[in-house]
Structure formats: structure tokens, C-alpha cells
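Read through the structure below, which is laid out as C-alpha cells, and then see the notes.
The values are calculated or read from the model by the stated rules, or taken from the named source; none is laboratory data. Everything numeric in this text was worked out from a predicted model, so none of it was measured. FYI the Cβ positions are ideal-geometry reconstructions off the backbone, even for glycines, and counts take in every protein chain you see.
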Amino acid sequence: GTEASHMRYSWEENYERGYEWWLMKEAKKRNPSIKLYGLPWGFPGWVGEGSGNPYHNVLKTADYIVRWVNGAKKTHNLTIDYIGIWNEAPYNVTYIKINSKKGSRWTRLPAYTDYRIR
């Protein structure tokens, strides 16, 4: 099934939805050195402003992801070590750059090796 979103709407944040928070905390209990990696498989419709494409407004998409990373830390004391771009979808250079600038200094953003991203 679909994973719970921390922001079903642009004005609403909830970092208690879904079992993933519990799962990450349990994993950290068992292995404090484990690395946490987030990978979006989909985005709420409002992120792409109804276009079906989250890159329609990369500022909104980056904000959505950065809020999730920050919410994990603030609400659950979980540091997200890595955040993926978008599962099995093309990447967007502007989105990667914005996400890198707005994101947590602890979170790495793995992406394709591409000279345009620098």
C-alpha cells in the first residue's frame, strides 16, 4: 500500500503517521550505527500543483523533502543520513541543487554523477 505522507496538504504537517518512524527507531535501538535512507516513491498532488510532476515547482518539492528530514529529527530524534531523489524517475538538476542548499548539513543526497549538478 501507499506510505503515509507527513504533509497530505501544504498547510498540514504530521510526523506521527505511518509505521516507518517506529521501524526506524527500532532499527536504531538494535544498531545505533545503522544509516537511514529516505526515498520518495510518490508525492501528494499539491506538490506538483496538480500537474502530476513534482518537478513542476522544484521549490515546493524540495521544501516537502526538507520538512520530512527536519521533522524526523525534531519529532523522533532521527537523523536521516541519505535522501534519494525520486524512485525510478528522472532527476532534475535544479531540484538537486535546491535540496542540497536547503537540506540538513547531516543529510547526503546521492545522485547520478553528472557535471551539470555541481
Residue within segment 54-68 that is outside any loop (DSSP other than H, G, I, E, B), at pLDDT 95 or above and surrounded by 15 or more Cβ atoms within 10 Å (Cβ to Cβ) present: no
Every residue from segment 1-21 that is surrounded by fewer than 10 Cβ atoms within 10 Å (Cβ to Cβ) and either in contact (Cβ under 8 Å) with a residue 24 or more places away in the chain or under 13 Å from V66 (Cα atoms) (or both): T2
Top-ranked residue in segment 22-39 [being touching a strand residue (DSSP E or B) at 6+ places or on another chain (Cβ under 8 Å) and surrounded by 13 or more Cβ atoms within 10 Å (Cβ to Cβ); ranked as nearest to I98 (Cα to Cα)]: G38
